[in-house]
Each structure stands twice: as structure tokens, then as C-alpha cells.
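A.B. asks: Below: one structure in C-alpha cells.
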């Protein structure tokens, strides 16, 4: 039997919020927003407001004049910008258009024509890429931009840059280097995560090439790596495959990167291809979730996004889907329930099948179903590695020797149903 995911929510929302209707006419971006169910999250009032996204790319030509960014300029959403490639102020002409395209996916706003995924998010612009060359200096630019973004209060970094092959004499990376620890930029991405910034990056565009696999910094273990699908949910052929060299499920999730609707500096609205365009879609989703749940940690948000995805219970490790396509409002509901649970100081939680209590260094479970129907109980850490597993019902799960933090409990029943719960071991 195909497993079904049951995530039971105890969410109490004001009737006025539940009744709120999305009045936005998305125009040409409707399909890429609806695939992630982001229109549902927008209807709940979450559009990235108050969340700062730092964009690392090749340039943002036209940002100062484009109609698509009129709203961003009028609302003073730009909080800072710097050109790390030339060590100065970004010039909005003749430096790069790729960043313009990726920024439009998040902050473009022309109701009835083009609406971005988190159009109210605040903006930091960093030019780290020098398009005419491919050198390790660009990785160092990226690393420097992390410190800069952190100093300006960035909540999220979205980066649509990939590194594996470099100019002659620079030294290339190999697939074995894609282990999350070796490349300059992967280490910088993990440093960003340690500083409390949620990094969203790309899987890479090598699905039809000899390289085939994820590129760095998508191999970093503390980032949300995004592959590309079309609006039908099918993987784009160019989207790279997983896993990373150290066996991580990569990509984590998928978003529209095939015929994604973007805006060019001349104002032309057109379709474009690349995991480069899937990552900012996901960064916008994450920004909306951070607006809705400011108390939740980055790893809790990443796990909620994974859990909301359509392949979460049976993640793909080799075909390039990872956990699949997320559902923004399911992720919101998961986090809403966590908000309620973690507000209960006694740590006693309940659903239709189980009640459980965190007491000291033990998790105590009580089953409301026939215990003989329980096939497996597994406790996962934040990177979905099993840390405790039992082939039958277990009344007490010892947490001793586990670091305090976020864990996910899966209870699999013999009929194929899996009950998923989020725990915070304090």
C-alpha cells in the first residue's frame, strides 16, 4: 500500500483571517505560484513583509527604472547593495541581467501582469559574480557577502550560482568534492547558517551533461537546495541529480524552473529555464513562512517545507526530485501547530492516534490505536537521519546523549499510514 502522510493540526485562526480572500491578480506568474500553493499563503496575509532577503548574483541591471520594481522602490524595500566583484556600488547597467531575472521572481509586482512570490520582502543586493570569467575569487566574493548580509540583518540568502568547473589554471572541483565540506562556497554557506541566515540555493543545471550531479554550494548540509520542475510538476531534464557525494538527499525540494516567468531589464516578461529560477521561488516561500512564524528556527522551517512536499515519505535519492514539490500552506499549518505545541511548557501533545510527553531525557508515548498495528517508530534529526528506531511500539524513547534541538517522530502503521510529529527536545 502506498504510504499516506497524516499530519494532524491543532490550529486556531481568527475568522477574519480565514475569510480573507486573495485579491491579487497574478497575471503570468499564476502557475508558478499556484504549484507551490503560495496563493493560499498570500491569502492568509503572508507576503514576506518584514523579512530581509539577500540576493547574491551577477548584477541587477534596470532595477532603478523597471516597472516591475516600482512597488519595491516606492515601499523603500531596498535596504542595501554592494558590488563585491568590483568593490564598490552596484551600477544598474551593463553589469548583469541574471540577477534582475531572479530578483523579479521574488519582488516583481505589476498586478494583473506579474506578481512575485514574496513581493513585500525587504531586499539586499550583492554582486558576487563576474560573468566573463569563472574563478575561485567569486567564491571568496560570496563568502565576503555573507558577513556583509549578516551585518545588515539578512534573514535569507538566495543564490542562483553554481560552481564546479573553472577557468584554466584555477583548478576544478570533482563530484567527490560535493560533500558539503570541501568547497570554499559550501563552507561559506554553512557559516551563513551558523549565523542564523537561511540559505536557499540551486541544485545545478547538469542533468543532461557528463557531470550530472549537484554543484556547490547546493551540497552544503545546512542549506535548502532546489531543483527545477515545470508547472506540471515534472522534473526539468537539465536539473541535476542527487545525491551529494556524502549521500545527502539533494535537491531538498523542487519549484518551477522550466519556463519560469521572469522580467528582463527592458521590461519584457518572458519564460526562462534553470534551477536558477527555482531557487528564488523557494526563497519567497520561505520568506512568507518566516513572516508567519518568526519564533521558529531555520531548521524547523526547512523541515516543515520538506514535510509538506509530495514525496516526503518516500524521498527520491537518485532521480533529482528529493522530497518533491512543497505545499506552502501545509508547511504553514505544520509550523502553526509547532507554535502551539512549544507554547505548552509541560510538553504534553496529542493527536488522534497518540499522546506523548517530553519529560526530562525521555519521550513517553501512549497509543490510542491497537499497538500490534504499529510497524515502526523512528526519530529523525534535522537532516533526516534516523537517531532512534524501533520495530514495535515503544512506550519510552530515551533522548539521552542526543543534542537538544528539533526532531521529527515517524510512527508507521501496518496499513501504510505514517503519523508525523515535530518535537523540540529542550
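The values are calculated or read from the model by the stated rules, or taken from the named source; none is laboratory data. None of the values given here were measured: they were computed from a predicted structure. Virtual Cβ from ideal backbone geometry, glycine too; neighbours counted across all protein chains shown.
A.B. asks: State all residues of the stretch 150-166 that are farther than 18 Å from residue 206 by Cβ and part of a loop (DSSP other than H, G, I, E, B); if no residue qualifies, say none.
C.D. replies: Within the stretch 150-166, 152, 153, 154, 155 qualify.
A.B. asks: Could you grab me the full set of residues in the stretch 86-120 that are closer than 19 Å to residue 161 by Cβ, touching a helix residue (DSSP H, G or I) at 6+ places or on another chain (Cβ under 6 Å) and assigned to a loop (DSSP other than H, G, I, E, B)?
C.D. replies: none
A.B. asks: Related question: Looking at the stretch 161-174, is at least one residue within 19 Å of the chain's Cα centre (by Cα) and in the same structural domain as residue 67 (by TED's automatic domain parsing)?
C.D. replies: So far as the stretch 161-174 goes, yes, one or more of its residues are within 19 Å of the chain's Cα centre (by Cα) and in the same structural domain as residue 67 (by TED's automatic domain parsing).
A.B. asks: Kindly establish whether residue 176 is without any contact (Cβ under 8 Å) to a residue 24 or more places away in the chain and not in a loop (DSSP other than H, G, I, E, B).
C.D. replies: Taking the combined requirement at face value, the residue does not satisfy it.
A.B. asks: Here's a follow-up. Would you confirm whether or not the stretch 207-215 contains a residue that is buried (at least 18 other Cβ atoms within 10 Å of the Cβ) and either closer than 23 Å to residue 286 by Cβ or not assigned by TED's automatic domain parsing to the domain that holds residue 279 (or both)?
C.D. replies: Within the stretch 207-215, one or more residues are buried (at least 18 other Cβ atoms within 10 Å of the Cβ) and either closer than 23 Å to residue 286 by Cβ or not assigned by TED's automatic domain parsing to the domain that holds residue 279 (or both).
A.B. asks: If you go through the stretch 287-302 one residue at a time, how many are out of contact with any helix residue (DSSP H, G or I) (no Cβ under 6 Å at 6 or more places or on another chain), farther than 16 Å from residue 120 by Cβ and either surrounded by fewer than 24 Cβ atoms within 10 Å (Cβ to Cβ) or without any contact (Cβ under 8 Å) to a residue 40 or more places away in the chain (or both)?
C.D. replies: Count: 5.
A.B. asks: Go through the stretch 171-196 and give me each residue that's under 23 Å from residue 303 (Cα atoms), surrounded by fewer than 24 Cβ atoms within 10 Å (Cβ to Cβ) and touching a strand residue (DSSP E or B) at 6+ places or on another chain (Cβ under 8 Å).
C.D. replies: Within the stretch 171-196, 193 is the sole residue that qualifies.
A.B. asks: Checking the condition buried (at least 24 other Cβ atoms within 10 Å of the Cβ) and in the same structural domain as residue 261 (by TED's automatic domain parsing), which residue from 102, 52, 89 passes?
C.D. replies: 102 is the lone residue from the list that is buried (at least 24 other Cβ atoms within 10 Å of the Cβ) and in the same structural domain as residue 261 (by TED's automatic domain parsing).
A.B. asks: Surrounded by fewer than 24 Cβ atoms within 10 Å (Cβ to Cβ), modelled with pLDDT of 95 or more and out of contact with any helix residue (DSSP H, G or I) (no Cβ under 6 Å at 6 or more places or on another chain): does that describe residue 62?
C.D. replies: no
A.B. asks: Select from the stretch 235-271 the residues that are surrounded by fewer than 19 Cβ atoms within 10 Å (Cβ to Cβ) and closer than 24 Å to residue 123 by Cβ and list them in ascending order.
C.D. replies: Answer for the stretch 235-271, where residues must be surrounded by fewer than 19 Cβ atoms within 10 Å (Cβ to Cβ) and closer than 24 Å to residue 123 by Cβ: 264, 266, 267, 268, 269, 270, 271.
A.B. asks: Name the residues in the stretch 53-85 that are more than 14 Å from residue 267 (Cα to Cα) and in a loop (DSSP other than H, G, I, E, B), would you?
C.D. replies: 58, 59, 75, 76, 77, 84, 85
A.B. asks: Can you name every one of the strands (runs of 3 or more DSSP E) wholly within the stretch 349-424 that holds 2 or more residues which are at negative phi and at pLDDT below 80?
C.D. replies: In the stretch 349-424, 354-359 are the strands (runs of 3 or more DSSP E) which contain 2 or more residues that are at negative phi and at pLDDT below 80.
A.B. asks: Let me ask something else about it. Looking only at the stretch 121-142, count how many residues are in a loop (DSSP other than H, G, I, E, B) and crowded, with 23+ Cβ neighbours inside 10 Å.
C.D. replies: 3
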